[in-house]
Amino acid sequence: MRKIVIVGLAKFHKEAQEIKEELEKREYVVMDYPKKIDDTIEQEYKDAYESFYENLKNTDDLLVLNLDKKGIEGYIGYESFAEMSYLIVKKIKNHSNQKIYIYKMPSKDVECYEEISHFINLGYIELFK
């Protein structure tokens, strides 16, 4: 069984839960996924953030759940891009066989569209099936 972490906006915690259940049916162990947290409580936010990166460090695979936001198709925010970049660097540095997926191809309106396109062309990430 492969371990996977789902990244994305906490706003989409319900959709993340559905994807988590789908992945578990595919024999994945879902280590972490976007959950609703009270980010007004600084310690709760800090604990969630640190736990998330610990899971990123130990995962086999990553899925960026980039759903549409404010009319932007396949939105990828700065944190999701940072998390994906972290795994890409780890993959390159360690010559690992980690898979990095994005849920859907982002539109050209996404700030990191060009980088995502390059990462796909270089084989660092692929579209989720």
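The values are calculated or read from the model by the stated rules, or taken from the named source; none is laboratory data. Not measured: the values here are computed from a predicted model. When we count neighbours, we look across all protein chains shown, and the Cβ atoms used for this are built from the backbone with ideal geometry, even at glycine. SASA here: full protein model, heavy atoms, side chains in, ligands and nucleic acids out. Shrake-Rupley method; radii C 1.70, N 1.55, O 1.52, S 1.80 Å.
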Of (1) surrounded by fewer than 18 Cβ atoms within 10 Å (Cβ to Cβ); (2) assigned to a helix (DSSP H, G or I), S107 satisfies all except one. Which? (2)
Just a yes or no: is a residue in the range 70-80 of a type in the set (S, T, Y), over 13 Å from V5 (Cα atoms), in contact with a Phe, Trp or Tyr (Cβ under 9 Å, 6 or more places away or on another chain) and open to solvent by 20 Å² or more (accessible area, probe 1.4 Å)? no
Restricting attention to the range 23-43, which residues are surrounded by fewer than 11 Cβ atoms within 10 Å (Cβ to Cβ) and modelled with pLDDT of 95 or more? K25, R26, E27
Complete set of residues in the range 95-104 that are in contact with a Phe, Trp or Tyr (Cβ under 8 Å, 6 or more places away or on another chain) and in a loop (DSSP other than H, G, I, E, B): Y103, K104
Among the residues of the range 110-129, write down those that are over 18 Å from K3 (Cβ atoms), touching a Phe, Trp or Tyr at 6+ places or on another chain (Cβ under 9 Å), in a loop (DSSP other than H, G, I, E, B) and not β-branched (V, I, T). E111, C112, K129
If only one of K25, K36 is in contact with a helix residue (DSSP H, G or I) (Cβ under 8 Å, 6 or more places away or on another chain) and of a type in the set (K, R), which one is it? K36
In this structure, does L62 turn out to be open to solvent by 10 Å² or more (accessible area, probe 1.4 Å), in contact with a helix residue (DSSP H, G or I) (Cβ under 6 Å, 6 or more places away or on another chain) and within 15 Å of I6 (Cβ to Cβ)? no
